[in-house]
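In what follows, a single structure is set out as structure tokens and then discussed.
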């Protein structure tokens, strides 16, 4: 006759003390609590299946209460009564749960969260959007270890068929990063995107449209000075050639980062493409514009807030839209084009030191020992260069009187007139 076991109480389970060696206290029906010398308490279920004694672990107490443990015991006993091994069921359930976490989408989102702090907000959003639009609908539910190179190529072909070959290459790069992360975390054997190297036509390299001829820069600056749009936008346009930072860095500038007394704009690493802090020395001309602008936007967090709400920065399309309004199409000039404008003229006309130019552009500049320059490297020399640059731009503008215009029609006519004069001079 089987020995009668007195059911456990919550108090007895909670007050069970550790001993020199582990021991068991039984609840009945095969359920018992194992108490370890370190004070740990683990629920176990002992049963017989196929004439063999077997054991399941339900988990630790108090995470698994007495009531929870009894419920799991009863469920396991019902399976045994149906001649089903609860241990085998547990393995199948665990395998299914693991499989669910090994789909391409799950791993891709995990990778995105893991590295999101290393990207700018806009770059992180772009990566996620490309995955959601171009990868997840076709490969998201597939087990990452089962995806083959032809399947990924078919996904990329769909992107290419939309006439965006460059995007197809970028999607391939993103997929490759996800596969490499899966390899590193033990959920894939290899990065199969490398097998697709050469499978897509090479993208046509495009440069940001920019005016780099001083003869054309002069009328550009004068047209900016005659801009009759919103004052905040006009200030952003006037400061763009003086700063020649990336458009995203410009529109996210905050007053807390700008010191008019020290004549510097300190851009934190989180806002920079290269994830390195950057300093923009402020010329006298830049300080004058900023002082005037601060009277309007000083109460805002942002130097260039949205014209609709001071609570958020200027839209990423604002500067380029202003160029369209002034008669410059997207193949002639963009906000990003001020970087090429400054780099070309500083080098070829003003003959400034290339390393100072590259450092001020926040490019990866290294010293003779191969170390990256820090943000304060050659700051006095860069400060002098930025002032010479601002003075040079003033001299360009001084060659003719600023021509204001009331609307876009007059503006476009003026632009056409300037281009006609320049063609005759050539």
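Of the set (1) surrounded by fewer than 20 Cβ atoms within 10 Å (Cβ to Cβ); (2) within 30 Å of residue 347 (Cβ to Cβ), all apply to residue 299 but (2). Restricting to segment 160-174, name every residue that is under 15 Å from residue 126 (Cβ atoms) and surrounded by fewer than 19 Cβ atoms within 10 Å (Cβ to Cβ). Those that are under 15 Å from residue 126 (Cβ atoms) and surrounded by fewer than 19 Cβ atoms within 10 Å (Cβ to Cβ): 164, 166, 167, 169, 170, 173. If you take the residues of segment 175-190 that are touching a residue at least 24 places away in the same chain (Cβ under 8 Å) and closer than 22 Å to residue 124 by Cβ, which of them is surrounded by the fewest Cβ atoms within 10 Å (Cβ to Cβ)? Only one residue fits best here, namely 185.
Being modelled with pLDDT under 90 and part of a helix (DSSP H, G or I) is the requirement here; does residue 188 meet it? For residue 188, the condition - modelled with pLDDT under 90 and part of a helix (DSSP H, G or I) - is not met. For segment 139-150, residues that are without any contact (Cβ under 8 Å) to a residue 40 or more places away in the chain and under 19 Å from residue 195 (Cα atoms) total 4.
Of the residues in segment 206-220, not one is surrounded by fewer than 19 Cβ atoms within 10 Å (Cβ to Cβ), at pLDDT 90 or above and part of a helix (DSSP H, G or I). Return yes or no: is residue 363 surrounded by 20 or more Cβ atoms within 10 Å (Cβ to Cβ), more than 16 Å from residue 236 (Cβ to Cβ) and within 23 Å of the chain's Cα centre (by Cα)? Against the criterion (surrounded by 20 or more Cβ atoms within 10 Å (Cβ to Cβ), more than 16 Å from residue 236 (Cβ to Cβ) and within 23 Å of the chain's Cα centre (by Cα)), residue 363 does not qualify. Looking at 165, 192, 153, 242, just one residue is under 30 Å from residue 385 (Cα atoms) and out of contact with any strand residue (DSSP E or B) (no Cβ under 8 Å at 6 or more places or on another chain), and that residue is 242.
Each row is one residue, and each column tells you yes or no for (1) in a loop (DSSP other than H, G, I, E, B); (2) more than 24 Å from residue 303 (Cα to Cα); (3) modelled with pLDDT under 90.
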| position | (1), (2), (3) |
| --- | --- |
| 332 | yes, yes, yes |
| 364 | yes, yes, yes |
| 376 | yes, no, yes |
| 396 | no, yes, yes |
| 401 | yes, yes, yes |
| 420 | no, yes, yes |
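Would you confirm whether or not segment 121-133 contains a residue that is surrounded by 20 or more Cβ atoms within 10 Å (Cβ to Cβ) and over 30 Å from residue 277 (Cβ atoms)? No, segment 121-133 has no match at all. All of (1) exposed (fewer than 14 other Cβ atoms within 10 Å of the Cβ); (2) at pLDDT 90 or above; (3) not assigned by TED's automatic domain parsing to the domain that holds residue 159 hold for residue 274 with one exception: (2).
Among residues of segment 272-297 that are at positive phi, those with a beta-carbon under 9 Å from a residue that is assigned to a helix (DSSP H, G or I) at least six positions away or on a different chain give the pairs 275/118; 275/269. Look at residue 275 and say whether it is over 17 Å from residue 237 (Cβ atoms) and in a loop (DSSP other than H, G, I, E, B). Yes. Within segment 278-311, the set of residues being over 31 Å from the mean Cα position of the chain (by Cα) and in a loop (DSSP other than H, G, I, E, B) comprises 283 only. Only residues that are touching a helix residue (DSSP H, G or I) at 6+ places or on another chain (Cβ under 6 Å) and either surrounded by fewer than 18 Cβ atoms within 10 Å (Cβ to Cβ) or part of a helix (DSSP H, G or I) (or both) were counted in segment 50-88, giving 5.
The values are calculated or read from the model by the stated rules, or taken from the named source; none is laboratory data. The model shown is predicted, which means the values in this text are computed figures rather than measured ones. Ideal geometry is used to build each Cβ from the backbone, glycine not excepted, and the neighbour counts take in all protein chains shown.
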